[in-house]
Amino acid sequence: MSVQQEAGAAGEALEVWIDQDLCTGDGICAQYAPEVFELDIDGLAYVKGADDVLLQDRGATAPVPLPLVMEVADSAKECPGDCIHVRRVGDKVEIYGPDAE
Ligand code: SF4
């Protein structure tokens with residue numbers, strides 16, 4: 001079973017962060033999961049934390065809402081900048097993104 005399948009099967013808590021240095025600003029992530037991603041006025045994507053608040057620190061981490069795991073995973077797969085990182089909260093192993101196994 002792949003790491004992705006294991007994580008999905010276990011329903012483990014996931015978190016997501018963006019490496020803004022590589023973000024192209026195309027907005028694909030914000031189209032896939034607007035509840036999680038948003039473009040800021042600098043034209044780069046950032047993640048949203050609790051209460052829909054945009055986390056404007058570079059590399060900030062936000063929890064992935066369980067119903068949106070697939071949308072966030074698709075965002076990471078389609079991201080042209082290869083800069084969306086989705087990892088397990090428990091052991092910080094990347095599940096989707098450029099550093100996933
Ligand atoms: S999909 Fe990737 S490159 Fe495009 S805006 Fe989102 S984080 Fe940036």
Flag if Glu101 is more than 14 Å from the ligand (Cβ to nearest atom) and either farther than 11 Å from Val16 by Cβ or out of contact with any Pro (no Cβ under 6 Å at 6 or more places or on another chain) (or both): yes
Among (1) within 13 Å of the ligand (Cβ to nearest atom); (2) free of Cβ contacts under 8 Å to residues at least 40 places away in the same chain - the single one Ala50 does not satisfy: (1)
Set Glu71, Glu38, Glu15: member being of a type outside the set (A, V, I, L, M, F, W, C), more than 14 Å from the ligand (Cβ to nearest atom) and crowded, with 16+ Cβ neighbours inside 10 Å: Glu15
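None of the figures in this text is laboratory data; all of them are computed from the coordinates on show. A quick note: this is a predicted structure, and the numbers were derived from the prediction, not measured. Counting neighbours? That spans all protein chains shown, and the Cβs are built from the backbone with ideal geometry, glycine included.
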